[in-house]
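Below you'll find the structure, written out as structure tokens, and then a few comments.
The values are calculated or read from the model by the stated rules, or taken from the named source; none is laboratory data. The structure presented is a predicted model; accordingly, all values stated were derived computationally and were not measured. FYI the Cβ positions are ideal-geometry reconstructions off the backbone, even for glycines, and counts take in every protein chain you see.
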RNA sequence: CGGGAUGUAGCUCAGCACGGUUUAGAGUACUCGUCUGGGGGGCGAGGGGUCGCGAGUUCAAAUCUCGCCAUCCCGACCA
């Protein structure tokens, strides 16, 4: 088989890039840092969207849409927030073009300068809280539980398809609550929801935790995150949920009257996951032959490929294939019968492997004669020949098996690459040799974190929520610590 | 914004040190024909180029010089 992908062992970053392009997920746009998400890649995003959207609605949230443009002045209202985002904002200054002097090109019409510049949203807290001010007067208006599906722009220096692009797709939830406790409960509810989704749909194990002061969201009191581990030993933050306290309510003067007639600032949360999840999906599971998709998110769960000579053979095979497709579809399985005559069977095998379709069914003359089909599973690349009877049950079970087996594989990789470290020497050694999650004691200060990060490139991914209380000494300063935190090099 | 590199067919690139047998090439992709078909198949034919842009040197420039533009990689920044 022709090798179209760079091997992971040769160059992991190149493998990732090859895979994204060759599996037809996305490509670079002419605008630097932006990507074109191609139909197959977008269909994966749609699967992610529809599951999450269902989960958000099941927990009482509603969708709304706020504008792309945010007045510049809104941004400066929350000090930490502006600090965090100012350096990566795209700014709209004019609203009209005109022909240039020689009448051929276009230039910005200086007469069409905006009185106040507009920021293309890097996140929507400010525009949303300026709106919430109008919506919230009483405790009766709370809680306000809103999500939006949108694109945002963060002018990044260096970009990588799906992992970091100047424009990306995401959902952002913005909720308002009457009490601190309720807001914290919401923040935790969402981080659990994200963990549930990433583990059970994406098949990627997560560590839930709190971000350190250095790493938390600009403007938040606390940031909860789910951290995942990629096959190259680097961590990827897969989702965040922020407890914003009353910071944004204060900045935008959003107050409500409680049951006792007393006024108070509203408590806030915000949370999001992005198209970066697709990057996590790729890097957690895929191999040198291409993408491996978990059945729960695969746009095509089963592909049927006919193997034939001439039309009469194809007709017989199509007859069987269509029957199988029908019984599978009735079970809620998404099936594609690829009867294109323009590509050869071998070509199709390689193609669907590259695209990560979990199960392939091949049907040829031999199968027609024997009443069988050949079934190949993408995760293990194994094949078996089975009878056509009860195929729907067999495939349904197989899909469940694949889903759990790729999760287990990712989890055992994660566990193998998570180790407790007690000295700075070991820390540096393990970090360089294999990477992964390093559980180490830390004295709790930003200075120490920054020094470690500067010397080793490893950052604190999170302070795990289920971490045990355990006396120890900071690996860097030797000062006392009560809990191990998760260090890793990260994307 | 610092450091490095690269722009030649849709894509990946050779050719450039030493200017002229190269009518600008290869692989791949594409089109047609044919044999095929249980893992990206074989054979034959065909189409496709302002050699990044602009100026200069020269009898002659993809090749030498200068300027410009763009992109990529490594850092600082980050979901």
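Applying the set (1) surrounded by fewer than 23 Cβ atoms within 10 Å (Cβ to Cβ); (2) touching a strand residue (DSSP E or B) at 6+ places or on another chain (Cβ under 6 Å); (3) modelled with pLDDT under 95 to residue A:217 leaves exactly one unmet item: (1). Residues in segment A:183-222 that are assigned to a helix (DSSP H, G or I), farther than 21 Å from residue A:233 by Cβ and within 13 Å of RNA strand B (Cβ to nearest atom): A:194 only. Here is the figure for segment A:87-115: residues that are in a helix (DSSP H, G or I) and modelled with pLDDT of 85 or more total 4. Restricted to segment A:21-46, and to residues there that are within 15 Å of the chain's Cα centre (by Cα) and over 18 Å from residue A:354 (Cβ atoms), the residue that is surrounded by the most Cβ atoms within 10 Å (Cβ to Cβ) is A:45.
For every residue, the table says whether it meets (1) assigned to a loop (DSSP other than H, G, I, E, B); (2) more than 7 Å from RNA strand B (Cβ to nearest atom); (3) surrounded by fewer than 20 Cβ atoms within 10 Å (Cβ to Cβ).
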| position | (1), (2), (3) |
| --- | --- |
| A:269 | no, yes, no |
| A:313 | no, yes, yes |
| A:319 | no, yes, yes |
| A:324 | no, yes, no |
| A:328 | no, yes, no |
| A:347 | no, no, yes |
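Which of the residues belonging to segment A:275-289 are surrounded by fewer than 23 Cβ atoms within 10 Å (Cβ to Cβ) and near RNA strand B (Cβ under 10 Å from one of its atoms)? Those that are surrounded by fewer than 23 Cβ atoms within 10 Å (Cβ to Cβ) and near RNA strand B (Cβ under 10 Å from one of its atoms): A:276, A:289.
Under the condition of being surrounded by fewer than 18 Cβ atoms within 10 Å (Cβ to Cβ) and either in a helix (DSSP H, G or I) or near RNA strand B (Cβ under 8 Å from one of its atoms) (or both), the residues counted in segment A:373-393 number 6.
Residue pairs whose Cβ atoms lie under 8 Å apart, separated by 6 or more positions or on different chains, with the first residue in segment A:295-309 and closer than 9 Å to residue A:334 by Cα and the second away from RNA strand B (no atom under 16 Å from the Cβ) and assigned to a strand (DSSP E or B), are A:300/A:335; A:301/A:335; A:302/A:335; A:303/A:335.
Screening A:431, A:399 for residues that are crowded, with 17+ Cβ neighbours inside 10 Å, in a helix (DSSP H, G or I) and either in the same structural domain as residue A:210 (by TED's automatic domain parsing) or within 16 Å of RNA strand B (Cβ to nearest atom) (or both) leaves exactly one candidate, A:431. Taking the condition farther than 19 Å from residue A:172 by Cβ, assigned by TED's automatic domain parsing to the domain that holds residue A:144, modelled with pLDDT under 95 and within 16 Å of RNA strand B (Cβ to nearest atom), does residue A:31 pass? For residue A:31, the condition - farther than 19 Å from residue A:172 by Cβ, assigned by TED's automatic domain parsing to the domain that holds residue A:144, modelled with pLDDT under 95 and within 16 Å of RNA strand B (Cβ to nearest atom) - is met.
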